[in-house]
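Engineer: Encoded as structure tokens, here's the structure I'll be asking about.
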Amino acid sequence: MTTQGPHPVSGTFPRSDEEIAARVKAMESILVEKDLIASDAIDYMSSVFENELGPHLGAKATARAWVDPEFKLFLLADATAACREIDIGGIQGEEMIVLENTEDVHNVVVCTLCSCYPWPVLGLPPNWYKYPAYRSRAVRDPRGVMAEFGFDPGDDVEVKVWDSSAELRYWVLPRRPEGTEGWSEEELAALVTRDSLLGLTDAITPE
Ligand code: FE
């Protein structure tokens, strides 16, 4: 599918999927041809990123923190170690810090320099996370960016923006939605979205 029109956050026109696929194929062919990487290694990595890493793992950790106060304290004190305890971890997640959203403070995550992102809990970053417009606007006008995601944290809530780096990767512990008392971890995890783990929205509130 070809994406039409400028991206709402970045204002840039993305390349077509066909063009990106052709570029990736060309790079893969060169790397394999020059013996820099084996094609089964590429298949393995693709499979890991498609099937194993992703926001469902951040959602799992979040749901655990919502139901288990001790785990929540551990997660906020040492996110990397807490995630390891529930078998979540790996490259680009060696030093993670979790920021707790409260009724007074709402946290937003960006990497102003490039696209640093906690892979083990979120998978690979979406394209807009890498665009210069997001990286600058998230700092200058975080409320405006959140509005484009359909979210308003409220005027009386302090918004804090956190700049991830190669050494330190932030993610957000969203607030547990109201009306979820007694829900199982699996049910709660289904309310946690990628965007809420970046602080661009809240978790989904059930009807
Ligand atoms: Fe970066």
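Engineer: Anything in region 96-129 that is surrounded by fewer than 16 Cβ atoms within 10 Å (Cβ to Cβ) and within 16 Å of the ligand (Cβ to nearest atom)? List them, or say none. First the steps, then the outcome.
Structural biologist: Quick first cut of region 96-129, residues surrounded by fewer than 16 Cβ atoms within 10 Å (Cβ to Cβ) only: 100, 102-105, 112-114, 124.
Result: THR112, LEU113, CYS114, LEU124.
Engineer: Ok, one more. Can we say LEU168 is within 18 Å of VAL98 (Cα to Cα) and either more than 16 Å from the ligand (Cβ to nearest atom) or not assigned by TED's automatic domain parsing to the domain that holds VAL121 (or both)?
Structural biologist: Details: within 18 Å of VAL98 (Cα to Cα): yes; either more than 16 Å from the ligand (Cβ to nearest atom) or not assigned by TED's automatic domain parsing to the domain that holds VAL121 (or both): no.
No, not satisfied.
Engineer: Any idea which of THR180, THR201 is buried (at least 16 other Cβ atoms within 10 Å of the Cβ) and either within 16 Å of the ligand (Cβ to nearest atom) or under 19 Å from the mean Cα position of the chain (by Cα) (or both)? Walk me through it before giving the result.
Structural biologist: Working: THR180 fails: either within 16 Å of the ligand (Cβ to nearest atom) or under 19 Å from the mean Cα position of the chain (by Cα) (or both).
Answer to the check: THR201.
Engineer: Here is a follow-up. Looking for something within 16 Å of the ligand (Cβ to nearest atom) and touching a strand residue (DSSP E or B) at 6+ places or on another chain (Cβ under 7 Å) - is there at least one such residue anywhere in region 138-149? Give the steps one after another, and end with the answer.
Structural biologist: Going through region 138-149, the residues within 16 Å of the ligand (Cβ to nearest atom) turn out to be 138-139.
Keeping just the survivors that are touching a strand residue (DSSP E or B) at 6+ places or on another chain (Cβ under 7 Å) gives 138-139.
Yes, there is a match, as at least one residue in region 138-149 is within 16 Å of the ligand (Cβ to nearest atom) and touching a strand residue (DSSP E or B) at 6+ places or on another chain (Cβ under 7 Å).
Engineer: Would you check if VAL192 is touching a His at 6+ places or on another chain (Cβ under 9 Å), of a type in the set (A, V, I, L, M) and assigned by TED's automatic domain parsing to the domain that holds ILE97? Even if it seems obvious, please write down each step before you answer.
Structural biologist: Working: touching a His at 6+ places or on another chain (Cβ under 9 Å): yes; of a type in the set (A, V, I, L, M): yes; assigned by TED's automatic domain parsing to the domain that holds ILE97: yes.
Yes, satisfied.
Engineer: Out of all the residues in region 28-53, which are under 17 Å from the mean Cα position of the chain (by Cα) and surrounded by fewer than 18 Cβ atoms within 10 Å (Cβ to Cβ)?
Structural biologist: Narrowing region 28-53 to residues under 17 Å from the mean Cα position of the chain (by Cα): 48-53.
Across region 28-53, the qualifying residues are VAL48, PHE49, GLU50, ASN51, GLU52.
Engineer: Of the conditions (1) at pLDDT 85 or above; (2) not in a helix (DSSP H, G or I), LEU57 clears all except one; give me its number.
Structural biologist: Here LEU57 clears every test but (2).
Engineer: Sort out for me the strands (runs of 3 or more DSSP E) sitting completely within region 82-199 that have 1 or more residues that are touching a Gly at 6+ places or on another chain (Cβ under 7 Å) and in contact (Cβ under 8 Å) with a residue 12 or more places away in the chain. Give the steps one after another, and end with the answer.
Structural biologist: Numbers: elements: 96-100, 105-110, 158-163, 169-173.
Because the criterion is at least 1 residues that are touching a Gly at 6+ places or on another chain (Cβ under 7 Å) and in contact (Cβ under 8 Å) with a residue 12 or more places away in the chain, the strands (runs of 3 or more DSSP E) in region 82-199 that meet it are 105-110, 169-173.
Engineer: Tell me which residues, restricted to region 54-77, are surrounded by 15 or more Cβ atoms within 10 Å (Cβ to Cβ) and charged (D, E, K, R).
Structural biologist: Of everything in region 54-77, those that are surrounded by 15 or more Cβ atoms within 10 Å (Cβ to Cβ) and charged (D, E, K, R) turn out to be LYS60, ARG64, LYS72.
The values are calculated or read from the model by the stated rules, or taken from the named source; none is laboratory data. Small disclaimer: the values here were computed from a predicted structure and weren't measured. Note that each Cβ is placed from the backbone with ideal geometry, even for glycine, and that neighbours are counted across all protein chains shown.
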